[in-house]
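The values are calculated or read from the model by the stated rules, or taken from the named source; none is laboratory data. What you see is a predicted model; the values in this text were computed from it and never measured. Glycine gets a Cβ as well: all are built from the backbone with ideal geometry, and neighbour counts include every protein chain shown. Quick note on the areas: whole protein, heavy atoms, side chains included, nothing else; ligands and nucleic acids left out. Shrake-Rupley method; radii C 1.70, N 1.55, O 1.52, S 1.80 Å.
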Amino acid sequence: MVSPHTRDPVGVSLLGSTGSIGTSALRVFARHPQRFVPVALTANGRVDALAEQVATWKPSYVGVVSGEPPAGSGWHRGPDCLVEAATHPDAQVVLNAVVGAAGLHATLAALRAGRTVALANKETLVVAGEVVMATARTGGGTVVPVDSEHSAILQCLAGRRPEEVRRLIITASGGPFRTWPTARISDATVADALNHPTWRMGSKITIDSATLANKALEVIEAHHLFGVPYDRIEVVVHPQSIVHSFVEFIDGSVVAQLGVPSMELPILYALTHPERIADSGVPRYDPVAAGSLQFEPVRHDAFPTLTLGIEAGRAGGAAPAVFNAANEEAVAAFLQGALTFGQIPVRIASALEALADRPGRTLEELLEADAEARRHVQSRLSC
Ligand code: NAD
Ligand code: MG
């Protein structure tokens, strides 16, 4: 892991630099210029935003997946730029902030090259969790979570042995429809679903937070990161997003990590773990000012996508990859007005029913399941 006492700044390859996590990461680098330097930046489109970042940071590698690089810029173009940036010789850490399964190859390439991957791209672990963790072991790389819940669990687990852990309790804000009557949720508009109560994030994860698909992805992510079986991972709704998760130990003691909702702290922690350094830029937590913390059970009847995803995780094989791909396609269709909110879980369930028991041991099988699930959802959009 990266030592906080390292003299030279740590070279970071930042994949998805123009997104919500990407721009938060650049704020963290700006606060700690002696410690972190972005050596590679990549984005998909948003060439103007990327050009501004390049002018500020002058990374030695710039890649754009789609879109036209500025004339004479020397930027790399096309999907291969992710793997090239992830294996850049000056990058000790790869911060993968790409959205969706598109981030998988870069994570694997970085781990094969023995790098530390600060992973925001949770879809990497949902599509191919076993392959990814095995690649980390054989390649000598490490996966450190950026997701706030998993950062919390990592902090709660510090120094404990796996046999001492009884249960992980992952908190969920509940999203914008936490208190909506079940019957009304299926007719929610895109604007309703993008109106998240506690976090400002990219549109895909914001919709995932409204369906609670995000929590299913996080349960699967936690299973792979921490090696805890599904029957010992629970979800509780916590509307204030102050407690980022809990770990219960075998003696009954429960440890939680708290903080005001900001991704800059989990990003910084992923870069310094297991050490801490001063100044995450996050407002300090004042328990009195923050007031009371509420916890509620999940309304599984109102949010069927959560149950579908957790069941896919339990089933294993290709099922989580099918769940993830079907969800990505259904969310994209919802954002384009081609599906209603209520149709998202219906289309995911249809893909799982058709494809979940496909083989899913190798990377090739998982990628094939991913592609099949996308075709399954897309081919039914006009019906
Ligand atoms: P975003 O949509 O704001 O940004 C995504 C970034 O990835 C952009 O730079 C975009 O150009 C790039 N990108 C998009 N599609 C790509 C593709 N096909 N190939 C390569 N690059 C592509 O998303 P975000 O909210 O920053 O989320 C990024 C990841 O972090 C997601 O996996 C999300 O689940 C996870 N995450 C986000 C938050 C948050 O607060 N935003 C919190 C926890 C986890
Ligand atoms: Mg999260």
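Just to be sure before I move on: is A256 more than 19 Å from I310 (Cα to Cα), modelled with pLDDT of 95 or more, within 16 Å of ligand 2 (Cβ to nearest atom) and in contact with a strand residue (DSSP E or B) (Cβ under 6 Å, 6 or more places away or on another chain) in the structure I sent?
Here the answer is yes, as A256 does meet what is asked.
Please indicate, with yes or no, whether at least one residue in the range 204-213 is open to solvent by 30 Å² or more (accessible area, probe 1.4 Å) and within 12 Å of ligand 2 (Cβ to nearest atom).
Yes: one or more hits.
I'd like the residue in the range 110-158 that is under 22 Å from G360 (Cβ atoms) and of a type in the set (D, E, K, R) and, out of all such residues, is most open to solvent (accessible area, probe 1.4 Å).
R137
Could you say which residue among E123, E164 is on the phi < 0 side of the Ramachandran plot and within 15 Å of ligand 2 (Cβ to nearest atom)?
E123
Would you please name the residue that is least open to solvent (accessible area, probe 1.4 Å), looking only at residues in the range 263-288 that are at pLDDT below 95 and either of a type in the set (G, A, S) or within 30 Å of S186 (Cα to Cα) (or both)?
Top of the filtered list is S280.
So E329 ticks every box in (1) over 14 Å from K204 (Cβ atoms); (2) crowded, with 17+ Cβ neighbours inside 10 Å; (3) not aromatic (F, W, Y) but one. Which box is left unticked?
Of (1) over 14 Å from K204 (Cβ atoms); (2) crowded, with 17+ Cβ neighbours inside 10 Å; (3) not aromatic (F, W, Y), only one is false for E329: (1).
Considering only the range 243-261, how many residues are without any contact (Cβ under 8 Å) to a residue 40 or more places away in the chain and within 30 Å of P33 (Cβ to Cβ)?
Summing the residues that are without any contact (Cβ under 8 Å) to a residue 40 or more places away in the chain and within 30 Å of P33 (Cβ to Cβ) in the range 243-261 gives 3.
Going residue by residue through the range 37-46, is there one that turns out to be more than 21 Å from the chain's Cα centre (by Cα), open to solvent by 40 Å² or more (accessible area, probe 1.4 Å) and in contact (Cβ under 8 Å) with a residue 12 or more places away in the chain?
yes
Just give me the residues in the range 58-101 being open to solvent by 60 Å² or more (accessible area, probe 1.4 Å), among the hydrophobic types (A, V, I, L, M, F, W, C) and within 14 Å of ligand 1 (Cβ to nearest atom), in sequence order.
Passing the criteria: only V99.
Which ones in the range 352-381 are crowded, with 23+ Cβ neighbours inside 10 Å and touching a residue at least 60 places away in the same chain (Cβ under 8 Å)?
The answer is L366, D370.
Filter the range 17-34 for residues that are in contact (Cβ under 8 Å) with a residue 40 or more places away in the chain, in contact with a strand residue (DSSP E or B) (Cβ under 9 Å, 6 or more places away or on another chain) and open to solvent by 10 Å² or more (accessible area, probe 1.4 Å); which is nearest to G67 (Cα to Cα)?
Per the stated criteria, the residue is G19.
Residue pairs, Cβ under 8 Å, 6 or more apart or interchain, first in the range 217-242 and under 23 Å from M201 (Cβ atoms) and open to solvent by 30 Å² or more (accessible area, probe 1.4 Å), second within 16 Å of ligand 1 (Cβ to nearest atom) and at pLDDT below 95. List them.
Hits for this filter: Q240/T198.
For the range 174-200: of the residues being within 13 Å of ligand 1 (Cβ to nearest atom) and at pLDDT below 95, which is surrounded by the fewest Cβ atoms within 10 Å (Cβ to Cβ)?
Ranking the candidates gives R200 first.
Scan the range 149-199 for residues that are hydrophobic (A, V, I, L, M, F, W, C) and part of a strand (DSSP E or B) and jot them down.
V165, L168, I169, I170, A172
Among (1) modelled with pLDDT of 95 or more; (2) more than 16 Å from ligand 2 (Cβ to nearest atom), which single condition is S20 missing?
Of (1) modelled with pLDDT of 95 or more; (2) more than 16 Å from ligand 2 (Cβ to nearest atom), only one is false for S20: (2).
Quick check: anything in the range 340-351 over 18 Å from S186 (Cα atoms) and either touching a strand residue (DSSP E or B) at 6+ places or on another chain (Cβ under 7 Å) or surrounded by 15 or more Cβ atoms within 10 Å (Cβ to Cβ) (or both)?
yes
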